[in-house]
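The values are calculated or read from the model by the stated rules, or taken from the named source; none is laboratory data. None of these values were measured; they are calculated from a predicted model. Here the Cβ positions follow ideal geometry from the backbone for every residue, glycine too, while neighbour counts run over all protein chains shown. The accessibility values were calculated without ligands, DNA or RNA, using every heavy atom of the protein model including side chains. Shrake-Rupley method; radii C 1.70, N 1.55, O 1.52, S 1.80 Å.
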Amino acid sequence: MAKPLSTLVCANCGKANRIGASERGSPHCGNCAKPLAWVVSADESTFEVEARAQPTVVIDLWAPWCGPCRYVSPILDELAHQYAGRLKVIKVNVDDNQGLARRFDASSIPTMVVLRDGTVVDRIVGAMPKPQLEAQIARSLKPPKSAV
């Protein structure tokens with residue numbers, strides 16, 4: 001199976017970067033080498049390879065008709081930019097991927113499942129303002145890599 005590709009735009013220089021799912025490292029801009037915000041959509045055929053990532057992963061289980069989901073989505077995008085290199089957000093439409101919804105027990109949405117090294121470390125159900133959502137996710141982030 002071919003790895004899914006995502007196009008991530010660098011917030012620093014504006015260059016579009018085609019990035020494949022990777023278990024090691026996190027994406028950096030091919031033009032300016034800055035870390036990229038890693039936000040991807042996944043379905044049942046691409047989820048496993050997308051979820052195997054080194055940074056902390058937040059699975060956003062959402063639906064297009066869900067008002068609170070539409071409130072949370074741009075906050076998660078902002079957090080992915082803020083914590084570029086340390087956070088990957090995987091968006092899963094539960095209407096189209098009911099198997100993943102069942103797997104992660106998303107009986108209410110939005111549900112965000114936080115994975116660290118492939119293990120569920122937190123669940124967040126419902127919308128909340130950015131400061132509260134950030135605080136809950138930030139405690140599961142791996143420490144930043146120090147510059148050598």
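Remarks
For every residue, the table says whether it meets (1) at pLDDT 95 or above; (2) under 14 Å from ALA42 (Cα atoms); (3) in contact with a Ser or Thr (Cβ under 9 Å, 6 or more places away or on another chain).
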site	(1), (2), (3)
ARG86	no, no, yes
ASP95	yes, yes, no
ARG102	yes, no, no
ASP105	yes, no, yes
THR111	yes, no, no
VAL114	yes, no, yes
THR119	no, no, no
ASP122	yes, no, yes
VAL125	yes, no, yes
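- Qualifying residue in segment 44-51 (condition: free of Cβ contacts under 8 Å to residues at least 24 places away in the same chain, open to solvent by 20 Å² or more (accessible area, probe 1.4 Å), outside any loop (DSSP other than H, G, I, E, B) and in contact with an Asp or Glu (Cβ under 9 Å, 6 or more places away or on another chain)): no
- Test: residue in segment 98-116 that is open to solvent by less than 50 Å² (accessible area, probe 1.4 Å), polar (S, T, N, Q) and touching an Asp or Glu at 6+ places or on another chain (Cβ under 7 Å): no
- Residues in segment 93-148 that are of a type in the set (Lys, Arg) and in a loop (DSSP other than H, G, I, E, B): ARG139, LYS142, LYS145.
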